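To keep things clear, I will list the structure first and then write my remarks on it.
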Amino acid sequence: MKLGWNKRTRENKFITSWKSRDNPETGQYSFRLNVTGSAAQLYILNGLTPVLRAGPWNGITFSGLPGYTVSPVNDISSLYYIDNEEEMAIYYSVNDPTFYTRLVINDEGFAERLNWNTGLQKWDVFWTGPNGQCDKYANCRAFSICDPNKVADQGCQCLPGYKDKSDSPTNTFQGCVAKSEALLCRNGEGFIEVPGVKVPDAAKAQFDLDLGINECKDFCLNNCSCTAYTSANISSGKGCLTWYGELVDVRYFSERGQVLYLRADSSELAKDSKKRLLVLVLPVLVSIFLLILLLVYWFWWKKKQREGNLDFSQGSGNSEMSFMEGHADVLAMNERGTEVICFSLSTMVAATDNFSFSNKLGEGGFGTVYKGQLQGGQEIAVKRLSVTSNQGLEEFKNEIILIAKLQHRNLVRLLGYCYQQEKMLIYEYLPNRGLDCFIFAKTSMLNWRTRFNIAMGIARGMIYLHHDSRLRIIHRDLKASNVLLDASMNPKISDFGMARIVGSDQNEDTTRRVVGTYGYMAPEYAMEGLFSIKSDVFSYGVLLLEIISGRRNTSTFDAGKSVNLVGHVWDRWLESKPLEIVDASLAESFDVSEVLRCIHVGLLCVQESSAVRPTMSEAASMLCNERATPSPVEQPAFINRAQVYFGTLKSSSSSSRTGATAATEMTTAISEGR
């Protein structure tokens with residue numbers, strides 16, 4: 001389809017409307033390329049009266065159709081403008097034979113560009129005009145501009161340097177006149193940029209193909225009758241279009257549009273200069289102000305973190321928490337390399353699918369553990385503390401304080417917490433669950449080498465807690481269910497809710513509130529409230545014997561002799577039959593000398609007197625050093641029924657893991673100690 005003039009035949013091709021919807025005779029409306037004057041412009045005409053003016057061609061599109069570019073439309077059809085010796089015309093080129101497009105004008109004077117939608121089998125409107133008041137020709141009279149975002153006066157307002165002709169806000173808008181009646185000619189005048197517009201009607205404008213934009217400015221400035229200018233071809237920068245007398249049919253566009261350079265006197269130029277300066281400076285000032293606010297908020301947030309936004313002192317009359325006074329710097333959790341994040345409750349609800357049963361990993365006395373996934377895809381384990389647990393708040397505070405400062409490959413990593421309506425701890429998710437799920441299974445799949453590596457990994461983690469971390473930490477609840485396994489079966493010690501900080505030069509402390517798991521507590525701790533790094537060594541010894549035997553310390557053995565696993569191992573040791581305690585699932589696929597050395601070290605760790613037990617570093621050294629000769633073993637604790645300490649127990653399941661099902665050990669809280 002081609003619209004325009006044949007310069008030789010003087011033939012004019014355009015489209016017309018029907019006389020009515022049902023009468024196909026030629027109507028009064030037409031859509032045509034008008035070459036009156038020096039610049040070709042697209043019009044919708046009602047007879048000879050303009051209804052819509054699409055503006056002059058500017059090298060890319062028509063000035064009044066900034067979104068209707070000549071570049072390929074979806075690489076399917078292209079719009080072209082030609083001006084040569086033969087013709088001045090526009091036409092479409094369809095690049096896809098399956099694509100159909102048409103241009104129509106109806107009997108009411110509305111033009112539409114329609115594209116055929118093959119999928120929906122209907123015509124889609126690509127463009128329609130006139131579309132709104134500002135599309136109507138000369139809607140705002142002379143020296144004015146139409147803004148579609150402005151409601152008053154049908155969107156009309158005066159161009160810079162001009163004022164409302166009516167001079168009264170109550171009168172109908174009649175167009176604009178110059179503010180200064182003096183002739184603007186060589187009296188300090190210049191040009192104000194009016195960007196994003198459809199340029200004025202160019203029917204009486206002057207067109208010069210050879211002038212660039214700078215030459216165009218000088219040309220217009222030297223002619224006292226020139227009221228505005230612009231580039232005739234914004235693609236090449238060549239061509240000058242200048243106006244003389246009234247400027248009509250100018251409008252704003254929210255996107256694209258051309259720049260119109262409007263002649264103005266020195267006073268308007270000064271205002272425009274201040275306005276332009278404000279436009280440049282204001283965003284910078286606003287950005288600086290927002291940056292300052294952001295920094296203030298960041299410092300405030302960091303301060304709240306240091307002060308402990310969990311309100312660690314609230315509701316804690318227990319003197320056991322007074323250790324924080326000596327280690328206040330621990331509360332600055334975010335000073336370490338990996339920050340502990342405070343998650344919102346809504347984030348946790350979304351991550352766990354509203355704590356669905358299918359995401360439940362385990363349940364213990366302090367709450368339930370769920371598997372979750374953050375928005376970025378990271379898998380997490382959410383420990384949701386029980387609302388009814390009277391122990392939960394202190395353990396919650398304690399675990400955050402401690403784990404936030406601990407970084408070791410054999411310690412579980414705390415990612416964050418939630419303190420919004422509920423108390424939650426968010427850990428890394430470990431897919432292989434807890435150690436107890438493997439060593440206590442009916443048919444264990446752990447070979448000896450894997451068991452030994454797990455035992456050494458636990459030992460390294462405990463050495464870090466006792467000796468290598470900045471603060472000496474006593475775990476007080478080391479057991480199989482609190483050792484989690486990652487995808488490579490590397491052990492990670494978890495559940496620091498009962499852990500205690502002691503001074504770097506302090507080896508023991510006492511408490512009136514004894515907590516731990518029956519079968520793993522050292523006798524001096526269970527009976528007298530005396531805990532030390534050696535009480536953790538005792539727990540490690542029990543755990544080491546469980547790894548070797550595949551049986552719990554609380555298992556039932558010979559009624560007449562052994563009351564627990566430690567007693568059973570001791571009996572076999574005295575009978576010189578220690579290998580009888582080895583897990584039957586291992587058959588004979590193990591290093592005999594290595595197993596014997598591990599049994600020996602395990603018995604050394606569970607000796608009744610804490611003074612003769614090795615430290616964790618000594619135990620680890622004996623485990624991995626074939627040439628080291630462990631010292632003779634003294635009688636372990638809890639080997640006879642008469643020696644078993646039961647006390648007054650308040651029992652609650654202690655399993656609160658980050659990747660496992662619930663275990664059956666009972667965490668005890670003995671209210672009276674030394």
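The values are calculated or read from the model by the stated rules, or taken from the named source; none is laboratory data. A quick note: this is a predicted structure, and the numbers were derived from the prediction, not measured. Glycine also receives a Cβ, built like all others from the backbone with ideal geometry; neighbour counts cover every protein chain displayed.
Taking Tyr80, is it in contact (Cβ under 8 Å) with a residue 24 or more places away in the chain, in contact with a Phe, Trp or Tyr (Cβ under 8 Å, 6 or more places away or on another chain) and hydroxyl-bearing (Ser, Thr, Tyr)?
Details: in contact (Cβ under 8 Å) with a residue 24 or more places away in the chain: no; in contact with a Phe, Trp or Tyr (Cβ under 8 Å, 6 or more places away or on another chain): yes; hydroxyl-bearing (Ser, Thr, Tyr): yes.
No.
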Worksheet item: Out of the residues in region 372-411 that are within 18 Å of Asn482 (Cβ to Cβ) and at pLDDT 85 or above, which is surrounded by the fewest Cβ atoms within 10 Å (Cβ to Cβ)?
Response: Arg409
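Residues that are polar (S, T, N, Q), in a loop (DSSP other than H, G, I, E, B), at pLDDT below 80 and within 16 Å of Asn553 (Cβ to Cβ): does region 625-639 have at least one? Break it down into steps so the answer makes sense when it comes.
Taking region 625-639 first, the residues polar (S, T, N, Q) are 625, 629, 631, 635.
If we keep only those that are in a loop (DSSP other than H, G, I, E, B) too, we end up with 625, 629, 631, 635.
Now restrict to residues that are at pLDDT below 80: 629.
Now narrow it down to the ones that are within 16 Å of Asn553 (Cβ to Cβ): none.
Within region 625-639, none of the residues are polar (S, T, N, Q), in a loop (DSSP other than H, G, I, E, B), at pLDDT below 80 and within 16 Å of Asn553 (Cβ to Cβ).
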Practice prompt. Please verify whether region 533-553 includes one or more residues that are more than 53 Å from the chain's Cα centre (by Cα) and either assigned by TED's automatic domain parsing to the domain that holds Ile473 or surrounded by fewer than 19 Cβ atoms within 10 Å (Cβ to Cβ) (or both).
Written response: no
Worksheet entry | Check on Glu268, charged (D, E, K, R), at pLDDT below 90 and in a helix (DSSP H, G or I) | yes
Worksheet entry | Subset of region 623-635 [surrounded by fewer than 18 Cβ atoms within 10 Å (Cβ to Cβ) and among the aliphatic types (A, V, I, L, M)] | Ala628
Fill in: Residue list for region 400-443, restricted to those being under 18 Å from Phe366 (Cβ atoms) and of a type in the set (Ser, Thr, Tyr)
Tyr417, Tyr419, Tyr427
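What number of residues in region 1-18 are surrounded by 14 or more Cβ atoms within 10 Å (Cβ to Cβ), assigned to a strand (DSSP E or B) and not polar (S, T, N, Q)? Break it down stepwise before answering.
Filtering region 1-18 for residues surrounded by 14 or more Cβ atoms within 10 Å (Cβ to Cβ) gives 3-7, 12-18.
After this cut, where a residue has to be assigned to a strand (DSSP E or B) as well, the list is 3-6, 12-13, 15-18.
Next cut, not polar (S, T, N, Q) only: 3-5, 13, 15, 18.
Result for region 1-18: 6.
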Item to complete: Considering each of Ala611, Ala587, Ala619 in turn, give the residue that is crowded, with 18+ Cβ neighbours inside 10 Å and assigned by TED's automatic domain parsing to the domain that holds Phe538.
Response: Ala619
Worksheet item: Gly416 passes all but one of (1) modelled with pLDDT of 90 or more; (2) touching a Phe, Trp or Tyr at 6+ places or on another chain (Cβ under 7 Å); (3) more than 16 Å from Asp536 (Cβ to Cβ); (4) not hydroxyl-bearing (Ser, Thr, Tyr); which number fails?
Response: (1)
Discussion item. Can you pull out every residue in region 39-65 that is closer than 20 Å to Val259 by Cα, in contact (Cβ under 8 Å) with a residue 60 or more places away in the chain and either touching a Pro at 6+ places or on another chain (Cβ under 7 Å) or part of a loop (DSSP other than H, G, I, E, B) (or both)?
Written reply: Ala39, Gln41, Asn58, Gly59, Ile60, Ser63, Gly64, Leu65
Worksheet entry | Filter pass, Ser93 being assigned to a strand (DSSP E or B) and modelled with pLDDT of 85 or more | no
Response to the item:
Among (1) without any contact (Cβ under 8 Å) to a residue 60 or more places away in the chain; (2) outside the structural domain of Arg53 (by TED's automatic domain parsing); (3) among the basic types (Lys, Arg), Lys122 falls short only on (2)
Practice prompt. With respect to Leu435, determine if the residue is buried (at least 18 other Cβ atoms within 10 Å of the Cβ), touching a strand residue (DSSP E or B) at 6+ places or on another chain (Cβ under 6 Å) and within 20 Å of Phe590 (Cα to Cα).
Written response: yes
Practice prompt. Could you run through region 1-55 and say how many residues are over 28 Å from Gly239 (Cα atoms), touching a strand residue (DSSP E or B) at 6+ places or on another chain (Cβ under 9 Å) and not acidic (Asp, Glu)?
Written response: 14
